[in-house]
1. Find how much the distance from E56 to L182 grows on full extension, using 0.36 nm per residue of separation minus their present alpha carbon separation; answer in nm with one decimal.
2. Can you give the FRET efficiency for T355 and K162, using 1/(1 + (r/R0)^6), R0 = 25 Å, r = Cβ-Cβ distance, to the nearest 0.05?
3. Testing the spin-label approximation: label points 7 Å from Cα along Cα→Cβ at S49 and V369. State their distance in nm.
4. Just order 187-200, 86-99 by mean Cβ neighbour count inside 10 Å, highest at the front, would you?
5. Probe of 1.4 angstrom, ligands and nucleic acids ignored: what's the accessible area per residue over segment 230-284, in square angstrom?
6. So between K376 and K246, what do we pick up on full extension, going 0.36 nm a residue minus the alpha carbon distance?
7. Using a basic spin-label model with each label point 7 Å from the Cα along Cα→Cβ, how many nm lie between N407 and D128?
8. Quick one: of K78/K190; K48/K72; K72/K227, which pairs are farther than 18 Å apart, Cα to Cα?
Amino acid sequence: MKKLLLISSLVVASLLYGQGSQPVEITQQDINTQNEMSDASTKDITPKSIEDFFEEFADNFGIEYGITKDGKTFYTGKSTVAVNDTDPQFAQALQNAYQKAMLNLQTEFIRDVFGRIATNKVQNYEADNSTNAKEFDELPKGDKIDQILNKLTQLAGAKLDKALKDLGIDANSLSEERKKTLLKQEFLNKTMTNAVGSMSGLIPVQTIVTQRRGEYDVGVIAIISNKTRQLARDMALARQSTIKGKGKKISEYLPKDQKGFLNEYGIRLVYDENGAPVILSYGNWGYVADPSNAKKTNILEDKAKETAITMADAAIIEFINTNLSLKDERTTGDTYEDIIKQSININDNSTQEQTQNITNIIDKVNSKVKTSASGKIRGIRTLKKWSYTSENGIEHVGAVRFYSYTNLANTNEVLNTKPNATKNESKKSSNIQRSSNIINSLDDF
């Protein structure tokens, strides 16, 4: 299979930004494919791993090295769910895992397009070639061992054995270890990657929830292209998009039953019956019911639904305007030590020397990623709220929010304000396995 690989290349940047602010043309075939990829009303789920989903997606849509022939770029991300499906907070953990998977995906994007890398290699070499390198200083009198023994002489029998055990001392062979390093060699390779940039227009097309060794994983596939970037600009500037095509009622893109909403996270791009682009956003959350307190449970359910709405809105704002910074520092290498260990038997003061060679492989990672997004939520409305209790008794709730220019225009009319349709385009805006449904084709992006 052709793998959905992520590349870091200037070619990617040129593909993403090559058309600048020129209007993007879209055909009806584009629209049909887009709607197909984003349609959650039908789906075909076959048990497979996250990587299998990614490879299958790449094969189905002719993606090679993360890019299609017409320059659409795909990214993937995955994350492990913190708890299993019997935990009362499994629903919340799923949403958190989706957010982490999206952040991992965004990290790959920002690294590829805006990343700068610096590397530093260091080797240290130390050796003790002194004539007395293997000699140990005489043990001081009245050291810690002597003090311990003095206290232990006041104990006997089981109390003595317990005291020795508490001290971590083997009563049968009291000893002290002393070490002297004869040779130390260390090689370090440090690399630092920094990236800061804007990533508006990155839109998920499918999410996957699957199991690996009994634990759950969440995977995300997202796309960015000139079309998706133009839609994000149109939304940021509160203007009607020139991109149009034949679609259907947006409610018909939703899953047919409540359980189907468990597979949908984040945003989807569809076209309504009037041909206008619409951003659907799925927010998921959950709550832990209190069987002994119905009033408390009702409040918790309502609060969880409000949280789901907030997450759905945040996903739309991220599509419109997201800035991300990455700082990734990795240290690799190895260390070698040649040491002398001297053991002293407390009972008869006899000593024994032993040479030891110790080799350690160094692998340290210090990574920090931060995203920030802000924008107005005018034009976003609720399409549906839902609740579902899984077979394991987990309480799931969610909301589907959607943005459209029609929503925005209606709200502006109510507020007696005019849509901001004349702004210069050049201005920048601030054992369950399941998957979401693919309701688009590549031509829709």
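The values are calculated or read from the model by the stated rules, or taken from the named source; none is laboratory data. Not measured: the values here are computed from a predicted model. Here Cβ is always computed from backbone atoms with ideal geometry, including for glycine, and neighbour counts include all displayed protein chains. Just so you know, the surface numbers come from the protein's heavy atoms only, side chains and all, with ligands and any DNA or RNA stripped out. Shrake-Rupley method; radii C 1.70, N 1.55, O 1.52, S 1.80 Å.
1. Numbers: separation 126, 0.36 × 126 = 45.36 nm, distance 5.56 nm.
Full extension from E56 to L182 adds 39.8 nm.
2. On the way: r = 35 Å, r/R0 = 1.42.
It comes to 0.10.
3. Going from the S49 label point to the V369 one covers 2.0 nm.
4. Numbers: 187-200: 17.3, 86-99: 19.5.
The peptides rank, most packed first, as 86-99, 187-200.
5. Numbers: 1850 Å² over 55 residues.
I get 34 Å² per residue for segment 230-284.
6. Details: separation 130, 0.36 × 130 = 46.80 nm, distance 2.78 nm.
My answer for the length gained is 44.0 nm.
7. Once both label points are built, they end up 7.1 nm from each other.
8. Working: K78/K190 26 Å; K48/K72 25 Å; K72/K227 9 Å.
Listed pairs above 18 Å: K78/K190; K48/K72.
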